[in-house]
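The values are calculated or read from the model by the stated rules, or taken from the named source; none is laboratory data. Because the structure is predicted, anything quoted here is derived from the model rather than measured. Methodologically, a virtual Cβ is constructed for each residue, glycine included, from the backbone with ideal geometry; neighbour enumeration extends over all protein chains shown.
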Amino acid sequence: MNTRNKNRKCEFFVDKTMQEQYADRLTTTQARQEVAYPLHGVNAPRMPACQLSKNHVDIETYLYGIGANNYLFPTSTPQVSSVSIPSVNFYDRPAVYIPRLEPFLENQRPL
C-alpha cells in the first residue's frame, strides 16, 4: 500500500477501529468471581494475593521484614486469615480397576 492511500481519511478510521478491536481482545476489565484450584495434574495459574488471604499486605510486609528495625513502633506478627479455596474438576476420572486374582491351590509349587 502506498503512502497516499495510507494517509486518506477512510483508511485512518479503518486502522483506528482495527487497533481498538485488537486492544479489546487483549485486555479485559472483568475480574474472576469464582476462584478454584484445578485437580488431576493441571497447573494452577497465578492468583492475586487478595484471593488467597484477607490481610495479604500485612503478611507480605512481615515476610519481607519491612519495619523490623523500627524500635519506636515495633511490628507484631500478623494473624493469618486465609481464604478457603475450593477445587474444581475439568473431567471425571474413571474408576480404578483392580483385577481379582484367583487363589493359589494348595498342591501347586510357589512361583
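Points worth noting:
- Residue satisfying all of: in the range 20-43; under 24 Å from PHE90 (Cα atoms) and surrounded by 10 or more Cβ atoms within 10 Å (Cβ to Cβ); modelled with the lowest pLDDT among these: ARG32
- Filtered residue count, the range 88-111, keeping only those that are surrounded by fewer than 10 Cβ atoms within 10 Å (Cβ to Cβ) and under 30 Å from HIS56 (Cβ atoms): 1
- Residue within the range 44-64 that is within 20 Å of the chain's Cα centre (by Cα), modelled with pLDDT of 80 or more and among the charged types (D, E, K, R) present: yes
- Hits in the range 86-108 - residues which are of a type in the set (S, T, N, Q), touching a residue at least 40 places away in the same chain (Cβ under 8 Å) and in a loop (DSSP other than H, G, I, E, B): ASN89
- For the range 75-87, the candidate set comprises residues that are modelled with pLDDT of 80 or more and exposed (fewer than 10 other Cβ atoms within 10 Å of the Cβ); within that set, the residue that is farthest from the chain's Cα centre (by Cα) is SER76.
- Filter result (of a type in the set (A, V, I, L, M, F, W, C) and free of Cβ contacts under 8 Å to residues at least 12 places away in the same chain) within the range 43-71: ALA44, ALA49, CYS50, VAL57, LEU63, ILE66, ALA68
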